[in-house]
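Asker: Dropping the structure in here first, questions after.
The values are calculated or read from the model by the stated rules, or taken from the named source; none is laboratory data. The structure presented is a predicted model; accordingly, all values stated were derived computationally and were not measured. Positions of Cβ are generated from backbone atoms using ideal geometry, with glycine treated the same way; all protein chains shown enter the neighbour counts. Just the protein is used for accessible areas: all its heavy atoms, side chains included, with ligands, DNA and RNA removed. Shrake-Rupley method; radii C 1.70, N 1.55, O 1.52, S 1.80 Å.
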Amino acid sequence: MSGSQIVHPHRSPAMKWVGVALLFIALAAMPFALAAVGQTWVRVINLALLYVMLALGLNIVVGFAGLLDLGYIAFYAVGAYSYALLSSPHFGIHLPFWISLPIGFVVAAMFGVLLGAPTLKLRGDYLAIVTLGFGEIIRIFMNNLNAPVNITNGPQGINLVDPLMIGSFSFGKNEIIAGLSISGPMKVYYPLMGLTILIILLNLRLQDSRIGRAWEAIREDEIAASAMGINTRNIKLLAFAMGASFGGLAGGLFASIQGFISPESFGLLESVMVLSMVVLGGMGNIPGVILGAVLLTGLPEFIRFTVVPAQQMIFGKVIVDPEAIRMLVFGLALIVVMLVRPAGIWPSSIRKRELTSP
Amino acid sequence: MHSIARISTLAVLTAAALLGLSGCGKETPPPAPAAAPAAPSVTVKIGIVAPLTGPQAHIGKDMENAVKLAAADANAAKIMVDGKQLNFEVQAEDDQADPKQAPVVAQKLVDAKVNAVVGHFNSGTTIPASKLYSDAGIPQISPSATNPKYTDQGFKTAFRVVANDNQQGKVVGEYIAKELKVKNLAIIDDRTAYGQGVADVVEKAAKAAGATIVAREFTTDKSTDFKAILTKIKGKKPEAIFFGGIDTQGGPMLQQMKALGIKAQFVGADGIQSSELFKLGGDAVEGTLASFPGLPIDKMEAGKSFNDKYKAKYNQDVVLYAPQGYDAFNVFVDAMKRAGSTDAAKILEKLPSTDYKGITGPIKFDEKGDIKDGPITMFKAVGGKWEAVATIGGAAPAAAPAAAPAAAPAAAPAAKDAAKK
Amino acid sequence: MDTFIQQLINGITLGSVYALVALGYTMVYGIIGLINFAHGELVMVGALVSLSVIKLLMGAGLGLPPVLIVVLGVAAAIPVCMLLAFVMERVAYRPLRGAPRLAPLITAIGVSIVLQNIAMMIWGRSYFSFPPLLNVTTYDVGGAALTDLQVFIVLLAGLLMAGLMWIVHRTRLGLAMRATSQNLQVAGLMGIDSNRIIVAAFVIGAALAAVAGTMVSSYYGIAHYYMGFMLGLKAFTAAVLGGIGNLGGAMLGGMLLGLIEALGAGYIGDLTGGILGSNYQDVFAFFVLIGVLIVRPAGLLGNSNTERS
């Protein structure tokens, strides 16, 4: 089921715009539809949007440029801490989000270069372990920078982080607007979705740009790429910086939605999860990566809601702990999907060609 | 344009899938609304959230077990409120000790319209979740989150039945410096919110009481090898070592201390005051001191029977926070009885005036929702059992009368000491 | 001085455990270039199986000598781990040979999650303590404490590694393994059944993991269904430090990582004038790793020609 089969090749431009318009209406109505079922699902979709941003950011590094990064969550952490330090009572600074979010974006990009610079010579699995180490180093520093000078407040984390605010309109509060009861998560959905669409468009443009093609060239053959006149050093650093900046943006949003951040949110397993989304969805293919992120965020929640009723239906009672089943099914799903579709659920057409003609 | 069209197809598909998926969520059988055939009864849903998978699952499951036990007990007691018999239903959720999952899980409980929530287990999950419960007006009692920030947020729904780090750490730090007369103290913490929190307060209190901190070392909550830091501590020759952390590190740490020939007095907080420690530390545990917020469990009538009941039902010993979980549940029941209602708002009205004798001691809340003047008992490991050696605090005029005389003789000076402040 | 000797002893014991686990990573990697993320879980299964058998035998009251009980425990764990590795390779990795390089990495993560949760269902969530079977004697070495268990662990690890070296360099199987790791296709043309060789690498690594699991749980007195993750991660780091795919490198890397951790925790405070403490132990280890890889991009003993991308 590849994308090109679904989209009819001879569809007229007018039809396309109608499709886009319908999509926008569907996306705008989504939180209300989900809220009718339960606010939980609004939260799940918000979480999924954060992961879409993260997965798209990592996709630049892993999917486009072919650099295996196992410490990606560090940039998410950097963005989250930048936002939290600048917009919380911790230092008593309360910058508005349109200042502190971009700062997180830029700081994360700087960290991306910081990681990229010493690891330029490394390829493949050596790069993987160094990035893994980098991710752990960032987490450990955040966990310990409460002494001698208290910067991050250590394991206690930073609380009461400001929600997104425009004037006195807070995206963190439930309220009734024009007779509609709108919850905080439903409000946050809109800026999240807006930024996600922006990032998706940016990625699409990037992929087809000179830079995107340079990344692809490096991924396929670094030596040949540099022979073609590509400045591999700068282009690689750019991949790290761009990928990191999207992670930083997602981190800042995470801090604002969550209201509380602590280093335990940024462990190695998170990096592994984001990588799984990219690979499972279809590395290098933007729609695939989005699908991967949505599926892997939704699946555990979906199992959470179905495992008990399913057992009751089949056996008449709950036999196995739902929690144990939940992670078990999740692990099995990872294995089975990769076995059935080794290039990911929705791979890019180039990768598919590579795979079918070895 | 081609790719935009592809994206839009994808997005529509995704949206459709999500809607379908959430449809499934709705199909989960709704809890039988209070439509009881015979006696008039009302279903009361209590949520319990703890990590039920992952490295801390054993402690989380222990808490869930206790709440389920409390619900079974309450159902057996056929409690009548407002002319209706209460039928308790426990909804257990797994937050995996993950701060990001906590709001999602909390929202699930809010959507399910639970009457009250016991949990969460970790401070890192309790704090982000508490905002949701506050917004929804659902009372929440954490049996184990000790980070002072939890109740500092000013939420009217946030309570806890465990002493916070400041309360417990101060008592332990002063006990080490004044009662044990330790001059040189080494401190280790596991860099978790709990371990670091309590260790920092112990350090401050011990210093203020005249002790010198000769070493401050660190480990993690996933470590098993402590020989390097212990070796370093050995060189500093402290008379006592305080460990802020839990039994899964404490046990192996004690064994490694013994292997290295370190003779210093080992002191911990409630994180190591468990039966597990004896399993994990073997005979190296002998002589260890640990604090526990509350009265010695065997001094409480209910406490003794709780241990037996728990063991009979689950065929294992209490791991750690089961008594607090059991108490948290019963504080809700007590509030329901006093309010004459199971409504969350009515429970909330009555919670601040709680005066309940739980299995961990008398439970009253201060204006923030912290447990008030909770007595803190120091225990010593003697022959594979915890023996109470001193009960500190709780003897203040307002506290329950049962508190003061319960402790062993050594308690007298300590209690007096604490009462002076 | 006695502190320094003690830290050396601590580091060497820890290092030999890392080395033993690292060998499993490096053997598989050397042959098919796969990071078997689930290898740490084999250590966990090994520890829990041997522990269960040991407890069973102690409870049976046969009056067996303690050493024999431990040996029987390990003997039971080895085939279980080998079988598990065999199934793992067959189900999760073999179908993906020739697939994009990251696909088996994701299945490995899946296998790791599955094994952890199955172990949780079988053994429960509690931590297991290793029964105080072995009577540990402590010796005094220049003021530092050295137990016979530590000596035994280091000796056994050394013996196993020597045995592995012998297999790889002196037997036909080893010859086939080395050929396969050079070039899978060409080795196949030379009449080597490469599938068999790959299975052999997995299974031998699993046997070492089973022994390492028992060692770790007896040394630290503790076993838990989650123990494999951290240990696997450290061992993987050690393998890369030494040059992944290189057996000698795995041993060197393991030993070095053990020493770096022990000395790092012990002296990092003195080195930085008390600004950083033992909380930066892992940071220190990773900095050393990054430093080594910047100077030698393929690890200490790695050959940059065999590096895969």
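Asker: Using a 10 Å cut-off on Cβ to Cβ distances, tally the other chain neighbours for every residue of C:93-102 and report the average as a whole number.
Answerer: Per residue, the average neighbour count from other chains is 5.
Asker: Quick one: pull the percentage of alpha-carbon pairs in segment A:210-358 with a separation above 22 Å.
Answerer: The share of Cα pairs beyond 22 Å in segment A:210-358 comes to 58 percent.
Asker: Could you report the accessible area of A:H94 in Å², rounded to 10, computed with a 1.4 Å probe on the protein chains as they sit in the structure?
Answerer: Around 110 Å² of this residue is reachable by solvent.
Asker: Also, quick follow-up: With n ≥ 4 as the cut-off for DSSP H runs, can you work out [θ] at 222 nm for the protein assembly as shown, using -39500 (n - 2.57) per run divided by the number of residues, rounded to the nearest 500?
Answerer: Helix contribution divided over all residues of the protein assembly as shown: -20000 deg cm²/dmol.
Asker: Connecting C-alpha atoms closer than 10 Å in a GNM of chain C, tell me which of C:A238, C:A212, C:A298 has the biggest fluctuation.
Answerer: C:A298
Asker: Under 20 Å from the 7 Å Cα→Cβ point of A:I177, by amide nitrogen: which residues of segment A:226-260?
Answerer: A:253-254, A:256-259
Asker: Shielding of B:243-256 by partners, i.e. mean partner chain Cβ atoms within 10 Å per residue?
Answerer: Taking the mean over all residues of the peptide, I get 2.
Asker: Quick one: if you stick a label point 7 Å off each Cα along the C-beta vector at A:I223 and A:L145, how many nm between them?
Answerer: A separation of 4.1 nm, rounded to one decimal place.
Asker: Pop out the carbon and sulfur fraction of the accessible area of chain C as a percent, whole number, probe 1.4 Å.
Answerer: 68
Asker: Are there GluC sites (Glu not before Pro) in segment B:291-375 that DSSP puts in a loop and that have at most 10 other Cβ atoms within 10 Å, and which ones?
Answerer: Those satisfying the criteria are B:E367.
Asker: Follow-up question, since we're still on this one. Could you check how much of the accessible area of segment B:116-250 is carbon and sulfur, as a whole percent, using a 1.4 Å probe?
Answerer: Carbon and sulfur: 53 percent of the exposed surface of segment B:116-250.
Asker: Starting from the Cα of B:D317, step 7 Å along the direction of its Cβ; do the same at B:Q85; then give the gap between the two resulting points in nm.
Answerer: Placing both labels 7 Å along Cα→Cβ, they lie 3.8 nm apart.
Asker: Just to make sure I understand: if all protein chains stay in place, what is the order of C:Y226, A:Y51, C:Y267 by accessible area at 1.4 Å, largest first?
Answerer: C:Y267, C:Y226, A:Y51
Asker: Which percent of the accessible heavy-atom area of chain A goes to carbon and sulfur, probe 1.4 angstrom?
Answerer: The nonpolar share, carbon plus sulfur, comes to 70 percent.
Asker: Does a label point 7 Å from the Cα of A:L332, set along Cα-to-beta-carbon, have any residues of segment B:51-68 with amide nitrogen under 13 Å, and which are they?
Answerer: The answer is none.
Asker: Separate question: Sorted by mean Cβ packing within 10 Å, highest first, what order do the peptides A:27-35, C:283-291 take?
Answerer: My ranking of the peptides, most packed first, is C:283-291, A:27-35.
Asker: For segment A:137-196, which trypsin sites (Lys or Arg not before Pro) pass both filters: DSSP loop (anything but H, G, I, E, B) and at most 16 other C-beta atoms within 10 Å?
Answerer: Qualifying residues, ordered by number: A:K173.
Asker: Tell me, what is the FRET efficiency for A:L198 and A:F32 to the nearest 0.05, using R0 = 30 angstrom and their Cβ-Cβ distance as r?
Answerer: 0.85
Asker: Hey, what's the Cα Rg ratio for segment C:10-118 versus the globular rule of thumb, 2.2 N^0.38 Å?
Answerer: Taking the Cα Rg and dividing by 2.2 N^0.38 Å, one obtains 1.26.
Asker: May I ask which of B:K170/B:K236; B:K227/B:K364; B:K100/B:K237 have a Cα-Cα span longer than 32 Å here?
Answerer: In this structure, B:K227/B:K364; B:K100/B:K237 exceed 32 Å between Cα atoms.
Asker: Here is a further query. To the nearest 100 Å², how much accessible surface do chains A and C cover up together, summed over both, with a 1.4 Å probe?
Answerer: Roughly 4100 Å² of accessible surface disappears when A and C pair.
Asker: Then there is this: Semi-axes of the equivalent ellipsoid for the protein assembly as shown, please: Cα gyration tensor eigenvalues, times 5, square-rooted, ordered largest first, whole Å.
Answerer: 44, 39, 27
Asker: Take every residue in peptide C:114-127, count the Cβ atoms of other chains within 10 Å of its Cβ, and give the average of those counts.
Answerer: Across the residues of C:114-127, the mean count of other-chain Cβ atoms within 10 Å is 6.
Asker: In whole angstrom, and with the biggest value first, how far do the Cα coordinates of segment A:13-356 range along each principal axis?
Answerer: Sorted from largest, the Cα extents of segment A:13-356 read 63, 55, 51 Å.
Asker: Arrange the peptides B:371-382, C:169-180 so that the one whose residues have, on average, the most other Cβ atoms within 10 Å appears first.
Answerer: B:371-382, C:169-180
Asker: Estimate for me the total accessible surface buried between chains C and B (protein heavy atoms, probe 1.4 Å, no ligands or nucleic acids), in Å² to the nearest 100.
Answerer: Rounded to the nearest hundred, the buried surface is 2600 Å².
Asker: Give me Rg over Rh for segment C:137-277, both radii from the alpha carbons and Rh done the Kirkwood way, two decimal places.
Answerer: 1.06
Asker: Taking 7 Å along the Cα-to-C-beta vector as the label spot, tell me the A:N231-C:F287 distance in nanometres, rounded to one decimal.
Answerer: 3.1
Asker: Hey, can you find the accessible area per residue of the protein assembly as shown for me, probe 1.4 Å, expressed in square angstrom?
Answerer: Dividing the accessible area of the protein assembly as shown by its residue count gives 37 Å².
Asker: Which three numbers, in whole Å and largest first, are the semi-axes of the equivalent ellipsoid of chain C derived from its Cα gyration tensor as √(5λ)?
Answerer: Semi-axes, largest first: 30, 26, 18 Å.
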